[in-house]
Amino acid sequence: MDYATLLQLLDSTLRLATPLLLACLAGLYSERSGVFDIGLEGKMLVAAMCAGAVAFYTGSAWVGALAGIAGSLVFALIHGVTSITFRGNQLIAGVALNFLASGMTVLVAQYLFGQGGRTPPLEGAARFNPIDLPLSETLKGVPVIGPFYHEVISGHSILVYAAFAIVALTWWVLYRTRYGLRLRAVGENPAAVDTAGVSVPALRFSAVMVTGVLCGLAGAYMATALQAGFGKEMTAGRGYIALAALIFAKWRPIQAMWACLLFGFFQALATRPDIVEGIVQVKIPVSFIEALPYVLTVFVLAGFVGKAIPPRAGGEPYVKER
Amino acid sequence: MDRLPRWADVALVPFVSLTLAALISALVIIAIGQDPWEAIKVMVQGSVMNAYGWGYTLYYATSFMFTGLAVTVAFHAGLFNIGGEGQAQLGGLGVALVCLFLPWPHWTLALLGASLGAALFGAAWAAIPAYLQAKRGSHIVITTIMFNYIAASLMIFMLVDVLRPPGKMDPATANFPPETHLPSFNEIPGLNLVFTSGVPANVTFFIALAMAVVVWLLLWRTRLGYQIRAFGKSEPAARYAGINPTRIIMITMLISGGLAGLMAINNVMGEAERLLGNSASGAGFIGIAVALMGRNHPVGVVLAALLFGFLFQGGAELGLWTKIPIELRTVVQGLVILFTGALDMMVRMLLTRIFALFRTRKLEAA
C-alpha cells in the first residue's frame, strides 16, 4: 500500500468515524448519568430523517440540522419520561424507541415525498459541504505532512471538526466543571447526589437531553453531509457500533474518540477489501472486517483487554423514598 | 401504593397498554392522511376473514411463539435476551446443514433432526454471552446485541462464500431435498378441508404450541424452573438457598437460545425450504414485544404471538392495498414494547388511582 492509498483510507476513516463519535459522546452523557441508552440508533435515524426533509424544504443544511436535533430531542424526551419519571426499564424503552424510529421515519418520508421512504437528493447549501482549511493548497508540496494535511485533515464538513471539538468540550465538562462532577456522581451513587441537595431526575433529564442534541447532530451529519439525503434504515447499526465504542472506551471521552476512529477505520477498510487483500496476501471476506468492532467489544466486555465496568447505578431507576 | 386486584393485573393492564398503543397508531395513520377505520378493515379482511389469511397469520404466529418463549424463559431468570434474532439465524444455519448434508428418508425424521440442529445452533450462539455474563460479569444485553451483528456477518459469509451453490448469484443455499418438505396446513388431512390453497403455515405450528406447554411445565412444575424463577426474583436469596448462579444463567440461556433457534424449522424448513439471507427477518426482536405483552406466561405468549401474527399479515395487506406503508407494523411493534414494557409502571399507577377512587366512593356510600 502506498502513501496516497493510506491517506485516502484515513480520509474516509475520519468521515465514517464522525457519526460514530457524535453518537458515542451522546451515549456517554446518558450512561454516565445512570441511564443506559440502547436507543442511540433510533435517535440518529429520526434526526437523519428530520434533517434530510427540512434541509430539502428550506435549502439550508443548518436549518436541517436544527430540525434533526429537534426530532432527536423528542425521542430523548420520551426516553427520559419513561425511564426517569415513570421508572420504566431503560433497556426496553431503548428497544421500543429504535423500532418506533425505524417505522416512523419511513412512514413520514413516504407521506412527504412518496419516494419509497427516501427524501429527495440534496444539493448545494442543503448539504454541509467540505471546507478547505487555510493553507491546504500551499502546504500540499511539503513532503509527508503536506499531503496528510491536504488529504486527511482538510476538506471535511464543519460537523466533522465540530465532533472533535465536542470531544475536548466533553472532557472539560466531565472532569473540570461542577456539572460534570455531579453527572459522574449521579451515575455511580445517586443517593449521595440526592443527599447533597441536587435533584437526581433533573440531572438525569439534562444528560438525556444532551444525548438528544448530540444524536441529532450525528443523524444530521448522516443525511446532510456523509450522504445527500435520508434513506430508509440509513444509520445501519451505527448507533450500536457507537455503543460498542463507548464500552470499548470505558465511558471516557478521549478514549471514545480513539475507539470511534478505530471502528471508523474498520468501516473504511470494509469498503476497500482490495487493500486488505494486498496487505495480508489472503482474501478476507468483507463480512469479517464488518464484524470486527463487535468482536472487539465482546473481548473488552469479557475483560480480556482490560475490564469495562459501567457506571454503577446504570440501568437502575432512582427511587427517593424507601 | 395499593395493589391492583389480580384480574386487573393479568388482563386489564395489558389491555389498557394495548389500547394506548392502538390509539397512538390510529393517530399516526390519521397524521399521514389515511383512514384508521379503513386500515383496520383491510387488516382484518386480509388476515383472519378467510382461510388463506389465517394460513399466513398462523405462520407468522408460529415464529413469534418460539422467539416469545425464548425471551420469556430468559426474563424469568432476570436476563434480557435481546439476541433472539441472531440465535434464530444460527438456528437456520443448523437446519440448513442438517437438511442439505444428511440423507433423510422421511419428513418426520428430518423434522426431528432439523429441530435438534436448530436448537443446538441457537443454544450455542447464546452460550457465549451466557458464559460471559455468568463468569465475567459482562452485561448480557450488550453481548447479545453484539452477537446479533456478528451472526449477521457470519451468515453473509456462510451464504456468499461457503454454502452458495456454484454458478448461482443470490446468497442462499441450494433447495433442500424434497424428503425434508414439511406438510403445510393444506396438505394435512382434515385441515386441508379448510385450507384449500397453498399456505405457509405448517406442522411447526403444533410444535410451537407443544413448546409453550413444555415451557409452562418447566417454569412452574419442575425444580429447575423454580430455581430459575427464584434466581430471577433475587439473586442473593437464590445464592443463599444454594442455587448455583452460573449453572442457572447457563441453562436458562441455552434453553432460551434453543427456543429462538427452533424458530428456523418454521421459516427455513417449513416455508423457504432453503436458507436465505436475513432469514429471521426481525422475528427475534418481535419475541421481545410478544413476551412483554404476554406478561411472560406461555398462555399470554401464545395469545400475543397470534396478535402479532395478525399484525404482520394485516400490515403486509396494508402495504398491498392501501397507501399506508408496510412499516406501520414496525411502529405498532415499537409502541407495544413501549407501553407494555417500559411504561408498565405508568399504566399501573393510572389504574391504581382509578381503583382507589372507586374504593373511597364505596366507603363513603357505606
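Out of the range A:94-117, which residues are among the aromatic types (Phe, Trp, Tyr), facing chain B (nearest Cβ under 8 Å) and over 23 Å from the mean Cα position of the chain (by Cα)?
Scanning the range A:94-117 gives a single hit, A:TYR111.
If A:PHE86 satisfies every condition in (1) more than 10 Å from chain B (Cβ to nearest Cβ); (2) under 30 Å from B:MET345 (Cα atoms) but one, which is the exception?
(1)
For the range B:136-186, give me each residue that is within 12 Å of another protein chain (Cβ to nearest Cβ) and of a type in the set (D, E, K, R).
B:ARG136, B:ASP161
Evaluate the range B:35-47: report whether one residue or more is closer than 30 Å to B:GLU235 by Cα, more than 14 Å from chain A (Cβ to nearest Cβ) and small (Gly, Ala, Ser).
no
Just to be sure, is A:VAL300 among the hydrophobic types (A, V, I, L, M, F, W, C) and over 25 Å from the mean Cα position of the chain (by Cα)?
no
Within the range A:108-125, track down each residue that is assigned to a helix (DSSP H, G or I) and surrounded by fewer than 24 Cβ atoms within 10 Å (Cβ to Cβ).
The answer is A:VAL108, A:GLN110, A:TYR111, A:LEU112, A:PHE113, A:GLY124, A:ALA125.
Residues that are outside any helix (DSSP H, G or I) and either touching a Lys or Arg at 6+ places or on another chain (Cβ under 8 Å) or of a type in the set (Asp, Glu) (or both): does the range B:78-96 have at least one?
Within the range B:78-96, one or more residues are outside any helix (DSSP H, G or I) and either touching a Lys or Arg at 6+ places or on another chain (Cβ under 8 Å) or of a type in the set (Asp, Glu) (or both).
Taking the range B:1-46, which residues are within 27 Å of B:VAL301 (Cβ to Cβ) and not in a helix (DSSP H, G or I)?
B:ARG3, B:LEU4, B:PRO5
Go through the range B:266-304 residue by residue and tally those that are surrounded by fewer than 24 Cβ atoms within 10 Å (Cβ to Cβ) and either free of Cβ contacts under 8 Å to residues at least 12 places away in the same chain or closer than 16 Å to B:ALA172 by Cβ (or both).
9
A quick yes/no check of all residues on (1) among the hydrophobic types (A, V, I, L, M, F, W, C); (2) over 15 Å from the mean Cα position of the chain (by Cα); (3) over 20 Å from B:HIS181 (Cα atoms):
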{"site": "B:SER47", "(1), (2), (3)": "no, yes, yes"}
{"site": "B:SER63", "(1), (2), (3)": "no, no, no"}
{"site": "B:THR72", "(1), (2), (3)": "no, no, yes"}
{"site": "B:CYS99", "(1), (2), (3)": "yes, yes, no"}
{"site": "B:ILE128", "(1), (2), (3)": "yes, yes, yes"}
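Working only within the range B:314-364, note down all residues that are of a type in the set (Ser, Thr, Tyr) and more than 10 Å from every other protein chain (Cβ to nearest Cβ).
Of everything in the range B:314-364, those that are of a type in the set (Ser, Thr, Tyr) and more than 10 Å from every other protein chain (Cβ to nearest Cβ) turn out to be B:THR322, B:THR352, B:THR360.
Inspect all residues belonging to the range A:252-270 and state whether any of them is facing chain B (nearest Cβ under 9 Å) and either under 21 Å from the mean Cα position of the chain (by Cα) or among the hydrophobic types (A, V, I, L, M, F, W, C) (or both).
Scanning the range A:252-270 turns up no residue that is facing chain B (nearest Cβ under 9 Å) and either under 21 Å from the mean Cα position of the chain (by Cα) or among the hydrophobic types (A, V, I, L, M, F, W, C) (or both).
If you go through the range B:12-19 one residue at a time, do you hit one that is in the same structural domain as B:ARG329 (by TED's automatic domain parsing) and out of contact with any helix residue (DSSP H, G or I) (no Cβ under 8 Å at 6 or more places or on another chain)?
Looking through the range B:12-19, at least one residue is in the same structural domain as B:ARG329 (by TED's automatic domain parsing) and out of contact with any helix residue (DSSP H, G or I) (no Cβ under 8 Å at 6 or more places or on another chain).
For the range B:317-348, what are the residues that are farther than 14 Å from B:ARG295 by Cα and basic (Lys, Arg)?
B:LYS323, B:ARG329
If only one of A:ILE309, A:ILE247, A:ILE289, A:ILE241 is within 12 Å of chain B (Cβ to nearest Cβ) and modelled with pLDDT under 80, which one is it?
Answer to the selection: A:ILE309.
How many of the residues making up the range B:5-30 are over 24 Å from the mean Cα position of the chain (by Cα) and closer than 30 Å to A:MET104 by Cβ?
Final tally of qualifying residues: 5.
Quick one: what pairs do we get from the range B:162-175, first residue in the same structural domain as B:LEU93 (by TED's automatic domain parsing), second exposed (fewer than 15 other Cβ atoms within 10 Å of the Cβ) and not in a loop (DSSP other than H, G, I, E, B), C-beta under 7 Å, 6+ apart or different chains?
Pairs that qualify, where the first residue is in the same structural domain as B:LEU93 (by TED's automatic domain parsing) and the partner is exposed (fewer than 15 other Cβ atoms within 10 Å of the Cβ) and not in a loop (DSSP other than H, G, I, E, B): there are none.
Give the residues of the range B:196-224 that are surrounded by 16 or more Cβ atoms within 10 Å (Cβ to Cβ), of a type in the set (Gly, Ala, Ser) and modelled with pLDDT under 95, sorted by residue number.
B:ALA201 - this is the single residue of the range B:196-224 that is surrounded by 16 or more Cβ atoms within 10 Å (Cβ to Cβ), of a type in the set (Gly, Ala, Ser) and modelled with pLDDT under 95.
Would you point out the residue of the range B:72-104, among those that are within 14 Å of B:ILE145 (Cα to Cα) and of a type in the set (Gly, Ala, Ser), that is surrounded by the fewest Cβ atoms within 10 Å (Cβ to Cβ)?
If we take residues in the range B:72-104 being within 14 Å of B:ILE145 (Cα to Cα) and of a type in the set (Gly, Ala, Ser), then B:GLY86 is surrounded by the fewest Cβ atoms within 10 Å (Cβ to Cβ).
Mind checking which residues of the range B:266-315 are within 23 Å of B:ILE150 (Cα to Cα), part of a loop (DSSP other than H, G, I, E, B) and either modelled with pLDDT of 90 or more or not assigned by TED's automatic domain parsing to the domain that holds B:GLY198 (or both)?
Passing the criteria: B:ARG274, B:LEU275.
Let me spell it out: the conditions are (1) in contact (Cβ under 8 Å) with a residue 24 or more places away in the chain; (2) surrounded by fewer than 24 Cβ atoms within 10 Å (Cβ to Cβ); (3) outside any loop (DSSP other than H, G, I, E, B); (4) over 21 Å from the mean Cα position of the chain (by Cα), and B:ALA110 meets all of them except one. Which number is the exception?
(2)
Within the range A:14-58, work out how many residues are among the aromatic types (Phe, Trp, Tyr) and within 14 Å of chain B (Cβ to nearest Cβ).
Number satisfying all stated conditions: 1.
The values are calculated or read from the model by the stated rules, or taken from the named source; none is laboratory data. The structure displayed is predicted, hence computed values, not measured ones. All Cβ positions, glycine included, derive from the backbone under ideal geometry; neighbour counts span all protein chains shown.
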